[in-house]
């Protein structure tokens, strides 16, 4: 084997090894559409799981209704065609049918309403949240404020395509942001939404089962508890102006120690923590 050939093999092995290391260290990209999906996106929160269950129930109900209507149409075509009934029926009223097609739809709507209202109230208020994140919709970017973690703010803007390819190539096109909302996994978090300016926005993450219309001058509440670490994405679902389609939502779910480290870094960059020099200078005076 020539020296050039040996060098090529070593380079290939090095590239493969680095690729495996990158895959092991990178968090998975979660909560984005995939090719050939046929169903609801999976739920990654308790609300998302219940939303998928409600969807499955509605799918069963509407399928049964469609099959029933199809059977009635086929029967009517076969039973009442012109060859079998040369003289058309003159029936104008049938009490039993009138009662049936009034009562049965009411019962179906009641069956749908019960789990719908349960889900609505289940996702309305957080029970014993660990902390709150305030989501503010701007024209056209998102602001995340952590009042319980020192009251610092993170601004989240869409990355231009060239920067996405360079900095975050694993993130799907039009969904990459410069700063994600970061939360710890397995933690109940209250989401408070509002909007700045005059436009409404829609903070929507399908995998969380959460869609909150944020309105200027109002606070809307929801909550999430994401069990699996990774990157989750959504988009503004309220037509809010020129750059409505360029307001992606990025949520990074990390472990609790990693989240605490991220909070410390953000507090330092925001000037919310004393510097090391000041703390060292004041230490002798406190003795």
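Only the coordinates and a few stated rules stand behind these numbers; no lab work does. This one's a predicted model, so the numbers in the text were calculated from it and none came from an experiment. Here the Cβ is made from the backbone with ideal geometry for all residues, glycine too, and neighbour counts use every protein chain on show.
Gain in length, residue 104 to residue 188, computed as 0.36 nm per residue apart minus the alpha-carbon separation, to one decimal in nm?
That pair, residue 104 and residue 188, stretches by 26.2 nm at full extension.
Straightening the chain between residue 215 and residue 258 buys 12.3 nm, computed as 0.36 nm per residue apart minus the Cα-Cα spacing. If you plug the beta carbon distance of residue 242 and residue 61 into 1/(1 + (r/R0)^6) with R0 = 30 Å, you get a FRET efficiency near 0.15. Where a ≥ b ≥ c are the square roots of the eigenvalues of the C-alpha gyration tensor, would you call the stretch 130-287 rounded, which needs a/c under 1.5, or, failing that, prolate if a/b is larger than b/c, or oblate? Prolate shape, in that a/c is at least 1.5 and a/b is the bigger ratio. Taking a ≥ b ≥ c as the square roots of the eigenvalues of the Cα gyration tensor, the stretch 68-156 is classed as prolate, since a/c reaches at least 1.5 and a/b is larger than b/c. The Cα atoms of the stretch 96-140 give a gyration tensor whose axes a ≥ b ≥ c have a/c of 1.5 or more with a/b no greater than b/c, which makes the shape oblate. The label-point distance for residue 49 and residue 157, in a model that sets each label 7 Å from Cα toward Cβ, rounds to 3.9 nm. Between residue 32 and residue 84, the FRET efficiency estimated from the beta carbon spacing at R0 = 41 angstrom works out to 0.15.
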